[in-house]
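Remarks on the structure that follows.
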Amino acid sequence: MHCLPDENRSGILNGGGVSVVSPFALETWRVESSMINLAGKTAVVFGLANKRSIAWGIAQKLHEAGATLAICYQNERMKSEAGDLINDLSGASGFQCDVSNDQEIEALFAALKEKYGKIDILVHAIAYAPPEELKGEFINTSREGFRIAHDVSVYSLIAVSRGAVPLMTEGGSIITLTYYAAEKVVPHYNVMALAKASLESAVRYLAFELGQRNIRVNAISAGPIKTLAARGVGALGDMLKSHAERSPLHRNVDQLEVGGTALYLASDLASAVTGETLYVDCGYNIMGY
Ligand code: NAD
């Protein structure tokens, strides 16, 4: 038997008198609470490091809607923390894949084909640049730092999409994560800003090519959130403060709110949305100053 969290009980209980439901009822509540039903859909989510990861916010929302989840973590070092989280989501399985390695991508999609046959949703929540590239001056960007940032953060979207497309036999939705620094200067974001600009362009090119297979490709431009990757960017605290002060909603966004938009993009509600960058940033991007 499972107890529902207090704040969620009103979603299924009339009058709020009962606090315990069967596992079956909990599953039903999950689907109803999201109002989007992804039962029978399989989602592959890349980029789970820990409970602060945007991938975790997205995975929870897709799971609530009934999707079967394949969740990918980068390497052996990440396995234990990611594995504990994955175990919390019934029916979810963990897979290891370093997206800078073509053999690992190939082996992953062979394993996914074997286990699931087809997939419907692909979430790419991965980025990396060597730490020194995000602290110093942009003009000192190294050739190797530029290569790594674009390889891991951009090329990987193309590579995993190529792996996923043959398994998206009934159409699909591919979602990646970007940031406003692709368009406007955000001090310290440096080479990662160029990678995000390239990523947003890759989304448009993939959307163009994959449209004929009814596969949609979109990016979510999230406001700053304190995650492992974001902590690598200098002055994250200043960014968070400025966003909260200047955005129309006067606060920062959280991982589950990004997850909610990913859920929408994954669902038929977004059936005519492709090639877009959607802002989930409390409105920060609309401000002139
Ligand atoms: P995170 O550190 O939790 O996630 C980044 C993930 O990328 C980690 O799981 C890491 O293991 C993975 N990764 C890095 N190199 C990899 C590789 N070679 N192979 C496989 N996986 C690899 O941080 P996050 O903030 O959740 O980042 C997810 C995405 O969201 C990134 O694309 C990031 O740029 C984007 N984003 C983050 C913010 C923010 O403020 N946190 C804002 C906008 C966009």
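Remarks
- Cross-link partners of residue 196 among aspartates and glutamates (Cα-Cα below 19 Å; sequence separation of 8 or more within a chain): 132, 133, 137, 144, 151, 183, 276, 281
- Taking a ≥ b ≥ c as the square roots of the eigenvalues of the Cα gyration tensor, an a/c ratio of 1.5 or more together with a/b larger than b/c marks segment 71-198 as prolate.
- Degrees separating the helix 255-266 axis from the principal Cα axis of the chain, which is the longest one: 80
- Cut-off under 5 Å, modelled amide H: who pairs with residue 45 long-range: 70, 71, 72, 123
- Among the listed pairs 61/184; 51/184; 184/241; 61/226; 51/241, those beyond 27 Å (Cα-Cα): 61/184; 51/184
- Cα-centre dipole for segment 212-289 with unit charges at Cβ (Lys and Arg positive, Asp and Glu negative), debye to 20: 140
- For the chain, the longest principal axis of the C-alpha atoms and the axis of helix 236-246 are separated by about 70°.
- Averaged over residues, the count of other Cβ atoms within 10 Å places the peptides 166-175, 127-136, 229-238 in the sequence 166-175, 127-136, 229-238, highest first.
- Ranked by solvent-accessible area (1.4 Å probe, protein heavy atoms only, all chains present), the residues 258, 185 order from largest to smallest as 185, 258.
- Anchor residue 79: aspartates and glutamates whose Cα lies under 16 Å away (excluding residues fewer than 8 positions away in-chain): 88, 98, 104
- Summarising the amide proton neighbourhood of residue 128: residues at separation of 5 or more, or on other chains, whose placed amide H is nearer than 5 Å comprise 153.
- Gyration tensor (alpha-carbon) shape descriptor, segment 137-192, a/c threshold 1.5: oblate
- In sequence order, calculated HN-Hα J values of segment 144-155 (Karplus, 6.51, -1.76, 1.60; Hz; x Gly/Pro): 5, x, 4, 5, 5, 4, 6, 5, 6, 8, 10, 4
The values are calculated or read from the model by the stated rules, or taken from the named source; none is laboratory data. Because the structure is predicted, anything quoted here is derived from the model rather than measured. Here Cβ is always computed from backbone atoms with ideal geometry, including for glycine, and neighbour counts include all displayed protein chains. Side chains are part of the model used for accessible areas, which takes the heavy atoms of the whole protein and leaves out ligands, DNA and RNA. Shrake-Rupley method; radii C 1.70, N 1.55, O 1.52, S 1.80 Å.
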